[in-house]
1. Mind giving me the FRET efficiency for Ser212 and Leu382? R0 is 41 Å, r the Cβ-Cβ distance, nearest 0.05 is fine.
2. Compute, for Ser368, the solvent-accessible surface of its heavy atoms (probe 1.4 Å) with the complete set of protein chains present, and express it in square angstrom to the nearest 10.
3. Can you give me the C-alpha center-to-center distance between region 1-21 and region 44-115, rounded to a whole angstrom?
4. Just want the answer: with Cβ charges of +1 for Lys and Arg and -1 for Asp and Glu, which residue in Leu80, Ala61, Phe103 is farthest toward the dipole's positive end in region 37-162?
5. Given a 1.4 Å probe and heavy atoms of the protein chains only, how would you sort Asp350, Asp45, largest accessible area at the top?
6. Between Val104 and Ala162, 0.36 nm times their residue separation minus their Cα-Cα distance comes to what?
7. What's the extension gain from Ala40 to Ile8 if we count 0.36 nm per residue and subtract their Cα-Cα distance?
8. For the pair Phe274 and Val190, what calculated FRET efficiency results from E = 1/(1 + (r/R0)^6), where r is the Cβ-Cβ distance and R0 = 45 Å, to the nearest 0.05?
Amino acid sequence: MKIQFNRIQKAVLWGIVLAYTGAYLNRLNLSAALGSIAAALSLTDARAGMLQSAFALVYAAGQLLNGAIVDRVNPVRHMLSGILGFCCVNMLMSFAGSFEMLFVLCLLNGAFQSMLWTPIVRMMALYFEGRDERTKANIFISLTLVLGHLGAWAISGIMANAVGWNMSFRVPAVLGVVILFVCRYLFRNVHVGAETKTEKQQGSGSRAPVLSLFMRTGFGFILLSCVLYGFVRDGIVTWAPTLLASMGAGAMSATFISLIIPLINTLGILAGKFLNARGVGNTRFCVALMLLLTAAFCLPLPLSSVMVLSALLMGFACAGLYGLNPLLTALIPLEYDKVGRIGLAAGLVDSFIYIGSALAGVLGGTVSQHFGANGLFVSWMLTAVLSAALCFLSGTKKPMQALEKYSE
């Protein structure tokens, strides 16, 4: 049966897509401009990577906090406050003249960016019921990964090389303000005070105990897998433009070639949708399968010295990661809707992913500095395999049966 969304659902969906696209524009601009920042401020790879790590660590902590409170606040106001905050911070970053100032502003950017995802997942739970509706909505939301990634690398990469790295933050900040007003308009008729049918069914009783619930459903394995997944995903996103530029071409040529990666990511999202719809195991097994696919594309990277080929391999590796992202960050947390832990589950997943992202910045920079690009490629491959193994183990815990027990 073909799923049709009503007017309010369409407004919510478009608002979410625009909001998170704006977030990516003001998040991934750092990786696009990282090479130019390092050159301008005379930073080593490890020191430059600390900027990404600073953002990721605060973002991870913010997800824990927002995941705990999002079920008790207005998600629209929470989301819009985060957008306003990261737009202001990115504008200030464009005027930063030292590493220390950029470091502090990256911390603030992480705090404001962490205010978006958990409200988005709650909005999905509020306005989209049933697996089919939520899966379709999630596919649209996953397009933000491509749009934001492509826009951030195109706009910020070109600005950094043609005008200066400062504009890599100024332009996304202005676009973010425009998106803020559009989202406010789209959400004008959205009411979040009413409970969903699921929430009403839960009543006022106590919620399932967190530790017991998560351990019995294999969620602990999921969180460990998320750390490793974040290291690989954001390792490629953070270091790809810099690695491609180091292969001999000019910075501008590397910027355009690196745009292959977000374009190929669209294929990964479609592949994730196909595998999940065809029932290749459960959602967790689909995630494990796509992690192995990523590892397979990382395997020949150390043997490649051609920039276009390397960009293609990193693109297909990243496509596998982006294809599983909506499954990992939305569909798995939505499994915990019936037991009243959706916000916490979503916050924990995104938080642990960004712990891995923090490692991708500082640890990835250290590996690159001491072992070169090949060291990074090998670390991505091995980490993706281990992440897949952990995700597979989480599925052997029979999570759905355990969740049904707690929801009774």
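1. Between Ser212 and Leu382 the formula returns 0.80.
2. 20 Å²
3. Between the Cα centre of region 1-21 and that of region 44-115, the gap is 26 Å.
4. Most positive-ward Cα: Leu80.
5. Numbers: Asp350 10, Asp45 55 Å².
Solvent-accessible surface, decreasing: Asp45, Asp350.
6. On the way: separation 58, 0.36 × 58 = 20.88 nm, distance 2.61 nm.
Taking 0.36 nm per residue and subtracting the Cα distance, the gain is 18.3 nm.
7. Working: separation 32, 0.36 × 32 = 11.52 nm, distance 4.73 nm.
The span from Ala40 to Ile8 would gain 6.8 nm if fully extended.
8. Numbers: r = 31 Å, r/R0 = 0.70.
Taking R0 as 45 Å, the efficiency between Val190 and Phe274 is 0.90.
The values are calculated or read from the model by the stated rules, or taken from the named source; none is laboratory data. Everything numeric in this text was worked out from a predicted model, so none of it was measured. Heads up, the Cβs are rebuilt from the backbone with ideal geometry, glycines too, and the neighbour counts pull from every protein chain shown. Heavy atoms of the whole protein, side chains included, go into the accessibility calculation; ligands, DNA and RNA do not. Shrake-Rupley method; radii C 1.70, N 1.55, O 1.52, S 1.80 Å.
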